[in-house]
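Novice: Sharing a structure with you now.
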């Protein structure tokens with residue numbers, strides 16, 4: 001059912017006019033979004049479907065229903081943000097900016113750092129495996145498994161080195177994992193609210209995986225990585 005909000009309506013739908021694609025253990029048509037404003041309509045591909053269709057995210061068990069909820073949250077945020085100056089022609093650019101998944105943006109940079117760290121620790125074979133499968137296995141799965149199989153001193157050393165050198169995938173993924181019944185995703189529009197909140201400050205201070213990280217440094221890193229030039233909240 002279409003949603004109404006500031007005279008804008010939208011709906012998500014499976015586009016059966018294009019080829020079906022693999023999704024988990026079956027196939028489905030890609031998810032699209034239809035936006036209508038002032039009797040004009042446009043359709044765009046679902047960003048989150050393209051992200052979570054990747055085989056590396058099979059590990060997270062993200063469902064189509066989860067993806068639709070992510071889309072609803074992002075679209076409502078964009079409509080609310082630009083409620084007094086909504087422009088259907090500009091909507092796709094706004095949507096792409098605010099929808100960006102920070103964890104997906106950090107996934108490969110963090111795995112590159114981790115592979116280099118392991119090579120320095122004389123575990124070059126494991127590092128080479130990460131590099132070889134960089135598009136097939138998520139950083140989340142790798143982190144959870146090395147936490148299980150690595151000696152505690154090596155895991156602790158990795159956390160300490162990551163706090164000094166790595167992209168901030170570890171603290172942000174740790175935060176997302178504490179949320180119940182939500183996909184493994186941290187959209188930029190959520191981060192804009194979270195980054196200066198007491199919630200993230202408390203989590204950074206209390207979680208052992210976050211010790212050594214500077215929240216202001218993380219904010220600057222994400223701004224440089226994802227914000228378009230000239231954008232200010």
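Novice: Testing residue 126 on (1) modelled with pLDDT under 90; (2) loosely packed, with under 12 Cβ neighbours inside 10 Å, one condition comes back false. Which one is that?
Specialist: Only one criterion in (1) modelled with pLDDT under 90; (2) loosely packed, with under 12 Cβ neighbours inside 10 Å is unmet by residue 126, namely (2).
Novice: Restricting to helices (runs of 4 or more DSSP H) lying wholly in the stretch 123-194: which have 1 or more residues that are under 23 Å from residue 224 (Cβ atoms)? First the steps, then the outcome.
Specialist: Values: elements: 124-132, 139-149, 152-165, 169-178, 188-194.
Ranges flagged: 139-149, 152-165, 169-178, 188-194.
Novice: I need a count of the residues in the stretch 70-88 that are out of contact with any helix residue (DSSP H, G or I) (no Cβ under 9 Å at 6 or more places or on another chain) and either in contact (Cβ under 8 Å) with a residue 24 or more places away in the chain or not assigned by TED's automatic domain parsing to the domain that holds residue 10 (or both).
Specialist: Taking the stretch 70-88 and keeping what is out of contact with any helix residue (DSSP H, G or I) (no Cβ under 9 Å at 6 or more places or on another chain), we get 72, 76, 80, 83-85, 88.
Subset that is either in contact (Cβ under 8 Å) with a residue 24 or more places away in the chain or not assigned by TED's automatic domain parsing to the domain that holds residue 10 (or both): 72, 76, 80, 83, 88.
Matching residues across the stretch 70-88 total 5.
Novice: Now for a separate question. Would you be able to tell me the number of residues in the stretch 138-163 that are in contact (Cβ under 8 Å) with a residue 12 or more places away in the chain, within 24 Å of the chain's Cα centre (by Cα) and surrounded by 13 or more Cβ atoms within 10 Å (Cβ to Cβ)?
Specialist: The qualifying residues number 12.
Novice: Tell me the residue from 29, 110 that is at negative phi and not assigned by TED's automatic domain parsing to the domain that holds residue 192, please. Before you say what the answer is, go through the steps one by one.
Specialist: Details: 110 fails: not assigned by TED's automatic domain parsing to the domain that holds residue 192.
Every option except 29 fails the conditions.
Novice: Of the residues 32, 59, only one is under 24 Å from residue 184 (Cβ atoms) and at pLDDT 95 or above; which? Show your work before the answer.
Specialist: Numbers: 59 fails: at pLDDT 95 or above.
Step by step, each of 32, 59 is checked, and only 32 is under 24 Å from residue 184 (Cβ atoms) and at pLDDT 95 or above.
Novice: Sticking with this one: In the stretch 98-122, what residues are within 21 Å of the chain's Cα centre (by Cα), outside any helix (DSSP H, G or I) and surrounded by fewer than 20 Cβ atoms within 10 Å (Cβ to Cβ)?
Specialist: None; the set is empty.
Novice: Please work out which one of (1) in contact with a strand residue (DSSP E or B) (Cβ under 7 Å, 6 or more places away or on another chain); (2) buried (at least 18 other Cβ atoms within 10 Å of the Cβ); (3) in contact (Cβ under 8 Å) with a residue 24 or more places away in the chain is the condition residue 32 fails and give its number.
Specialist: Going through the list (1) in contact with a strand residue (DSSP E or B) (Cβ under 7 Å, 6 or more places away or on another chain); (2) buried (at least 18 other Cβ atoms within 10 Å of the Cβ); (3) in contact (Cβ under 8 Å) with a residue 24 or more places away in the chain, residue 32 breaks only (3).
Novice: Give 172, 188, 226 a once-over and let me know the one that is within 24 Å of residue 46 (Cβ to Cβ), modelled with pLDDT under 95 and within 15 Å of the chain's Cα centre (by Cα). Quick ask: steps written out before the conclusion?
Specialist: On the way: 172 fails: modelled with pLDDT under 95; 188 fails: modelled with pLDDT under 95.
Answer to the selection: 226.
The values are calculated or read from the model by the stated rules, or taken from the named source; none is laboratory data. Just so you know, these numbers come straight off a predicted model, no measurement behind them. When we count neighbours, we look across all protein chains shown, and the Cβ atoms used for this are built from the backbone with ideal geometry, even at glycine.
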